[in-house]
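Computed from the coordinates by the stated procedures, all read-outs in this text should not be read as laboratory data. All values reported here derive from a predicted model rather than from experimental measurement. All Cβ positions, glycine included, derive from the backbone under ideal geometry; neighbour counts span all protein chains shown.
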Amino acid sequence: MFNKRVKISELLTWEPQFQEVIVMGWVKTFRNNQFIALNDGSTNTNLQVVAELGLLDENQLKRISTGASLKVAGTVIPSPGKGQKLEVKASTIEVLGDSDAEKFPLQPKEHSLEFLREIAHLRFRTNTFGAVFRVRHALAFAIHEFFNKKGFVYMHTPVITASDAEGAGEMFRVTTLPLENPPKNERGEIDYSQDFFGRSTNLTVSGQLEGELAAMAFSDIYTFGPTFRAENSNTTRHLAEFWMVEPEMAFYDIEDNMNLAEEFIKYIIGYALKNNRGDLEFLAQRLEKEESKLPQQQRSEMGLIQKLEFVLNNQFERITYTEAIDILLASPAYKKKKFDYEVKWGKDLQSEHERYLVEKHFKKPVIVTGYPKDIKSFYMRVNDDGKTVAAMDILAPGIGEIVGGSQREERLDKLEERMREMHIPVDQLWWYLDTRRFGSVPHAGFGLGFERMVQFVTGMTNIRDVIPFPRTPKNAEF
Ligand code: ATP
Ligand code: MN
């Protein structure tokens, strides 16, 4: 019985010809004891259901309140009302689940994003989050489609690992040892040999190292899964649990890597523009309204859709880290001491610097290459100058870093040297180094932070609003 229903997105494409239908959904609003705006999550556009006077008795009328779920049987008729071509004239309305109007937290009015974060279990039912999560889905689908078309193999890398791929040490430990009174060795340290895996383990910060192993057999692979970082960054761009897309390609140099990343980003944006027009138009209006509250100079120069089309139709700017530093040093912002962090060759670019480059200077996405080796990871290929590595970061307007990637060091001796310099345990990573021992090839890859991509496409300013249940410091509700 239930799968005989028509989804509202589908129904809205029909010509009204008095078809008999069954629709189900949740009540958004109920006006004049007659007009129900019904939504089933398939689209942001509500279906107007008309209950002619007399169809429902007093008791039934009371039960049709915001949030209640309904099964409606009726006829599709042309709508006399403005803004919709059709509506459903109900012959029967059954309340599947009541919703106490006094207690239901979502009222038919605008709620702040902060408030909605506190009721993340219900926020899917709002127009904004409906649109955001349908776009998130579409982007995920487009990612698989892009790589599948190119013959990449989707590789599932482990969530629990014993290595720290980034060497940054910001990991969540995985253990079954008792927190109170864990076993100790002679030196008084916790004895992880007695732990579940017989060693110390953590949640993965990146699937890259395992991805490289697979690329050394399949040529082209990608991972797409959750990654975890115990970094105490309370920013609008950091989560403790986020999804990362990590392609890894054999027989690729840094140039090939940049080309792929640019094509990839454009592909998934193009997919959303084509397949999620309604949701993006809604989100564009939402953003415009939100930005109208800001002072003029903080507003975006382009609307959301205009921005996405601009990115699609223009080449990303490509500069070296050294050029980026020169641009920053010569900038009015630097001269007026507007940056909080130091600008100096050898120092990492901070978010404020990245945003200056993309938003003020180039006004488009920028790929920065050739970072100093000391601020980057051990596996990045050292350039001939001996000072920089073949790294690339892609910076996007409004977000900053969206992609981090590099050509990997394929020369065993050079790689071991870097690992020793950076205190990375060479013995423990014997399996990783084996790829360089047996048929090593030039190869490259990158990581795209999926939520940052969703932010970019939806125009949501806070990363907590583009993942269903955000995990951030001091927050793991739901
Ligand atoms: P950032 O400097 O912004 O912290 P990162 O240099 O630590 O980023 P990488 O280790 O290169 O980032 O990770 C690859 C990509 O994963 C980044 O480009 C970004 O899009 C995303 N990313 C990194 N950390 C986070 C996080 N905590 N939450 C969400 N996305 C993240
Ligand atoms: Mn980081």
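Share of pairwise Cα-Cα distances greater than 19 Å in segment 238-333 is 65 percent (whole percent). Determine the sum of side-chain charges near Arg318: Lys and Arg each +1, Asp and Glu each -1, restricted to other residues whose C-beta is under 10 angstrom from that of Arg318. Cβ neighbours under 10 Å give a net charge of -4. Fully extending the segment from Asn232 to Lys336, taken as 0.36 nm per residue of separation minus the present Cα-Cα distance, adds 34.4 nm.
Between segment 455-478 and segment 100-131, how far is it from one alpha carbon centroid to the other, in angstrom? Cα centroid to Cα centroid, the span is 15 Å.
For segment 381-464, the set of chymotrypsin sites (Phe, Trp or Tyr not before Pro) satisfying both a DSSP loop assignment and a count of at most 14 other C-beta atoms within 10 Å is given as Phe438.
With a Förster radius of 45 Å applied to the beta-carbon distance between Gln17 and Asn313, the computed FRET efficiency rounds to 0.65. The length gained by stretching the chain between Asp413 and Arg277 to full extension, at 0.36 nm per residue less their Cα-Cα distance, is 43.8 nm. If you average the alpha carbon positions of segment 221-245 and of segment 54-79, how far apart do those two centres end up, in angstrom? Result: 44 Å between the Cα centres. Within the shell of other residues whose beta carbon sits under 13 angstrom from the beta carbon of Phe218, the net charge comes to -3, with Lys and Arg scored +1 and Asp and Glu -1. FRET efficiency for the pair Gln194 and Glu118, taken as 1/(1 + (r/R0)^6) with r the Cβ-Cβ distance and R0 = 25 Å, rounds to 0.05. A compact globular protein would have a Cα radius of gyration near 2.2 N^0.38 Å; the ratio found for the chain is 1.16. Summing +1 for each Lys or Arg and -1 for each Asp or Glu among the other residues whose beta-carbon sits under 12 angstrom from that of Gln34 gives 0. As a calculated quantity, the FRET efficiency between Leu433 and Leu53 at R0 = 56 Å, using C-beta atoms, amounts to about 0.10. Loop-located GluC sites (Glu not before Pro) across segment 40-89 with a Cβ neighbour count of 16 or fewer within 10 Å are Glu52, with loop assigned by DSSP. Highest mean first, the peptides 296-303, 6-13, 218-225, 149-156 sorted by other C-beta atoms within 10 Å per residue fall in the order 218-225, 6-13, 149-156, 296-303.
Take every Cα pair under 8 Å whose residues are at least 6 apart in sequence, average their separation, divide by the length of the chain, and the relative contact order is 13 percent. Looking at this model, which pairs from Lys376/Lys414; Lys150/Lys307; Lys28/Lys103; Lys7/Lys89 are more than 20 angstrom apart at the alpha-carbon? Over 20 Å Cα-Cα: Lys150/Lys307.
Stretched out straight at 0.36 nm per residue, the stretch from Val426 to Asn259 would grow longer than its current Cα-Cα span by 56.9 nm. Here segment 58-196 is treated with +1 on each Lys and Arg Cβ and -1 on each Asp and Glu Cβ, and its dipole about the Cα centre works out to around 1100 debye. The trypsin sites (Lys or Arg not before Pro) of segment 436-478 meeting both criteria, a DSSP state outside H, G, I, E and B (loop) and at most 13 other C-beta atoms within 10 angstrom of the site's C-beta, are Lys474.
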